[in-house]
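Okay, structure first, notes after.
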Amino acid sequence: MTDWTSLYASRMAGVVGSDIRERAKLLDARQIIHLGGGLPDPEIFPYARLAQASAAIWADPARARTALQYAPSEGHGPLREWIAGHMTARGVPCTVDNILITNGSQQGLDFIAKLLLSPGDTAMVEIPSFIGALRAFDAYQPQYVGLPEDAEDWADPALGGAKFCYVGPDFRNPTGTTMTLAEREALLDLAERTGIAIVEDGCYEDLRYDGAPLPSLIARAVARHGSIESAPVLHTGTFSKTVAPSLRVGWIAGPAEAIRKLVLIKQASDLATSAFNQMLLLDVVREGLGDMIAEACRVYRGRRDAMLATLARVMPEGVTWTEPGGGLYIWLDLPERIDATLLSQRALAEHHVSAISGAAFYPKGAANVTPRHNCLRLSFSMIGAEPARIGVERLAALVREMMAESAVAA
Ligand SMILES: Cc1ncc(COP(=O)(O)O)c(C=O)c1O
């Protein structure tokens, strides 16, 4: 019998699963109220538009041939052009040479880590951070350092030495919070002072429910340096949250020199993203990305408002939460004496409510980071206001119960 564990590469020692992906397998269990994963609501997928675009591809023999052939590793040319135009309209003048199409932005994060991290290199990450990014970075065996919470500390000369700093400036996963303009400028100052790259995750930037958009880090960097070619930023984008995640189409935007290297990684990894999916997506976004974003925002804004109202009504004193201006997540701070991992286990087993313990969102072994044990991430994306209300009410009852139990124990 082959002893597989003796054959695994050393990098696999640091590779662990994601609690969130494990819970996603429970999605078909209808009795569970899902406040856990941030899956987009299937109600807002553009079924009719996709069916029409698909029929149009098959009706045209030349397009059908392209759709079933390998795409270029860089991505389907017309989609790259569309994305370059989209980035240009958002203050990042660029060309197709600055765009690599990836299988979702998750693949973009993996490729960027592959490009930049040798074993033992330092990756700086915001605290807490998107679990998918941490799991992708883990495989390249970095040491982690946390980006200090307070931007005033970013001027600390001791902060140098990392290869990159990973941040999601808009409506972060998991906290739902957003970086202010002053913080964006301070982070660019840090990058310029220390020579590290910024990896900007733009996953949620279109899902804005209040207020005016802030410029992305890459847009501010281009404004400072005059060109994307000298910007110290790699930006990942995606259509997963605005069109549909199963198409697996995202992109990396950045200086052409880095994009050329990332294309080599793409070639060696999976040759190319599906040509059919890219063509389908292009037809759909050309026609109406704005409408799809508006519809997603309308639905999710309503759910966010409903969940915030329920939290205010039912959570006991001592529990606080973020009020996100967009995205899909609310982050709860529970009283210190509540263990959120235990709470999320009990919520699932006893009350059929799925929520994610905040402990999942901290990097392993970062010397300057103390993981929080009493935080919980809720998502309002997947289910309607009524089941969400019931789920939050059940969670609140459990929090009260655990607070009472810990008072007795003390
Ligand atoms: C912050 C963040 N970045 C990236 C991703 C990856 O998304 P995709 O690969 O579908 O583009 C997600 C998915 O939920 C996310 O929350």
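The values are calculated or read from the model by the stated rules, or taken from the named source; none is laboratory data. Keep in mind that what you see is a predicted model, and the values were worked out from it rather than measured. Cβ coordinates were reconstructed from backbone atoms using ideal geometry, including for glycine residues, and neighbour counts include every protein chain displayed. The protein model used for the area step is the full one, side chains on, heavy atoms only, and it has no ligands, DNA or RNA in it. Shrake-Rupley method; radii C 1.70, N 1.55, O 1.52, S 1.80 Å.
With the cut-off at under 16 Å, measuring from each backbone N in the range 80-100 to a point 7 Å along the Cα-to-Cβ line of Glu229 picks out 93-99. In a fully extended conformation the segment linking Arg313 and Ala56 would gain 87.5 nm over its present Cα-Cα distance, using 0.36 nm per residue. Spin-label pair Thr5-Gln141: with each label point 7 Å from Cα along the Cα-Cβ axis, the two points sit 2.0 nm from one another. Taking every protein chain into account, the 1.4 Å probe leaves His225 with about 70 Å² of accessible area, to the nearest ten. Note on the range 48-287: Rg/Rh from C-alpha atoms, Kirkwood Rh, equals 0.98. Normalised Debye scattering of the chain at q = 0.08, 0.10, 0.13 Å⁻¹ gives log10 I(q)/I(0) of -0.45, -0.71, -1.19, counting only Cα atoms as equal scatterers and leaving out solvent.
What the Cα convex hull of the range 202-251 gives, in volume per residue, is 75 Å³. For the range 235-359, dividing the convex hull volume of the Cα atoms by the residue count gives 185 Å³ per residue.
Mind telling me which of Ala296, Ala89, Ala397 comes out most flexible in a GNM of the chain, alpha-carbon contacts under 10 Å? Answer for the Gaussian network model of the chain: Ala89.
Straight-line cross-link reach from Lys364 at under 19 Å between alpha-carbon atoms covers these lysines, not counting any fewer than eight positions away in the same chain: Lys114, Lys163.
In order along the range 146-154, the phi-based Karplus estimate (6.51 cos²θ - 1.76 cosθ + 1.60, θ = phi - 60°) of 3J(HN,Hα) comes to x, 5, x, 5, 8, 4, 4, 7, 6 Hz; Gly and Pro are listed as x.
Taking 7 Å steps out from each Cα toward its Cβ at Glu257 and Met12 produces label points 3.7 nm apart.
Highest GNM mean-square fluctuation among Ile218, Ile198, Ile44, for the chain modelled with Cα contacts below 10 Å: Ile44.
Given R₀ = 35 Å, FRET efficiency for Ala48-Ser118 by Cβ-Cβ distance, to 0.05? For R0 = 35 Å, the calculated efficiency reads 0.15.
For the pair Thr320 and Ile390 in one chain, pulling the backbone fully straight at 0.36 nm per residue adds 23.3 nm over the alpha carbon distance. Full extension of the segment from Glu350 to Gln69, taken as 0.36 nm per residue of separation minus the current Cα-Cα distance, would add 96.2 nm.
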